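Colleague: Just dropping this structure here.
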Amino acid sequence: MNPLAGDIFFFFLKLSLLAVGGANAAVPEMHREVVELRGWMTDASFSQGYALASAAPGPNVLFVAVIGYHVAGWQGLVASLLGFLGPTFILAWGVATLTQRLAGDWRLAALRAGLVPVAIGLILATGLVTGAAAARGSGIEVAVAVLITLASALFTWRSNHTPLWALGAGGVLGLLLLR
């Protein structure tokens, strides 16, 4: 067994319960740990893997599998998915049972309303971290990448178009501006 598979499992196990808003909300912490602290991936491979997983059809948790596979092959892929999905599956099952019992309770409505801005903030942080990681070079390039990210988020939020239009436009702008 690949020794890194165990490290990957425990890293994603720890991270899974902090991912309020899904896997995308945990991307800044993934980046910090995987790129900056452990050196398992470079900034470029991290942002490319994130873009690939985001463009592929399916759930956004695919990025966790991309990291696992990149670091430790098939064993890393399985370890990352089990670590990230296992605890949240059990927690979601328990919370679903509890929310059925508490349906209509004002405290449950207040809790849900309070978690919305947290999830939005975490997902916005994901966009900013991946945008900055994709830009290699000076502060101006990073600022341009962050502006492209913010414009893409605004376009996706305010329009009825698929986010793939924003992804494609960001890619073209990135090629043109950040050469």
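Colleague: I need to check one value: relative contact order of the chain, counting alpha carbon pairs closer than 8 Å and at least 6 residues apart, in percent.
Modeller: Working: 186 pairs, mean separation 47.3, N = 179.
It comes to 26 percent, rounded to a whole number.
Colleague: Using +1 on the beta carbon of Lys and Arg, -1 on that of Asp and Glu, and nothing else charged, what's the dipole of the chain about the Cα centre, debye to 20? Spell out each step's value before the answer.
Modeller: Working: 9 positive and 7 negative charges, 63 e Å.
That gives the chain a dipole magnitude of about 300 debye.
Colleague: In whole percent, what relative contact order does the range 3-103 give with Cα contacts below 8 Å and a gap of six or more residues? Provide the component values of the computation, followed by the final result.
Modeller: Details: 103 pairs, mean separation 37.7, N = 101.
Averaging sequence separation for qualifying contacts and normalising by length gives 37 percent for the range 3-103.
Colleague: If I take all pairs of Cα atoms in the chain, what percentage of them are more than 24 Å from each other?
Modeller: Working: 6841 of 15931 pairs.
The proportion of pairs with Cα distances above 24 Å equals 43 percent.
Colleague: Taking 2.2 N^0.38 Å as the expected size of a compact globular protein, what ratio does the Cα radius of gyration of the range 3-103 give against it, to two decimals? It would help to have the intermediate numbers written out before the result.
Modeller: Values: Rg = 14.1 Å, N = 101, 2.2 N^0.38 = 12.7 Å.
My calculation over the Cα atoms of the range 3-103 gives 1.11.
Colleague: About its Cα centre, what dipole magnitude does the range 3-103 give when the only charges are +1 on Lys and Arg Cβ and -1 on Asp and Glu Cβ, stated in debye to the nearest 20?
Modeller: Details: 4 positive and 5 negative charges, 57 e Å.
That gives a dipole near 280 debye.
Colleague: For an R0 of 45 angstrom, estimate the FRET efficiency from the Cβ-Cβ distance between MET1 and ALA143 and round to the nearest 0.05. Numbers along the way, then the final one.
Modeller: On the way: r = 44 Å, r/R0 = 0.97.
Given R0 = 45 Å and the Cβ-Cβ separation, E is 0.55.
Colleague: What is the gain in length, in nm to one decimal, between GLU36 and TRP165 on full extension, counting 0.36 nm per residue of separation less the C-alpha to C-alpha distance? Please list the in-between numbers first.
Modeller: Working: separation 129, 0.36 × 129 = 46.44 nm, distance 3.05 nm.
Result: 43.4 nm gained on full extension.
Colleague: Same structure again: What is the calculated FRET efficiency for ARG158 to TRP106, with r their C-beta to C-beta distance and R₀ = 35 Å, to the nearest 0.05?
Modeller: Details: r = 31 Å, r/R0 = 0.90.
So the FRET efficiency works out to roughly 0.65.
Colleague: Which one, ALA143, ASN160, LEU173, is farthest towards the positive end of the dipole of the chain when Lys and Arg carry +1 and Asp and Glu -1 on their Cβ?
Modeller: Value: ASN160.
Colleague: Show that you can apply the helix-only estimate: for the chain, add -39,500 (n - 2.57) for every DSSP H stretch of four or more residues, divide by all residues, and state [θ] at 222 nm to the nearest 500. Write down the numbers at each step before the final one.
Modeller: On the way: 7 runs with 136 residues, N = 179.
Only helices count here, giving -26000 deg cm²/dmol.
Colleague: Among GLN48, VAL71, LEU111, whose Cα sits farthest toward the positive end of the charge dipole of the chain (+1 at Cβ of Lys/Arg, -1 at Cβ of Asp/Glu, about the Cα centre)?
Modeller: Among GLN48, VAL71, LEU111, the one farthest towards the positive end of the dipole of the chain is LEU111.
Bear in mind these aren't lab numbers, they're just calculated from the coordinates by the rules spelled out. This is a predicted model, so every value here is computed, not measured. FYI the Cβ positions are ideal-geometry reconstructions off the backbone, even for glycines, and counts take in every protein chain you see.
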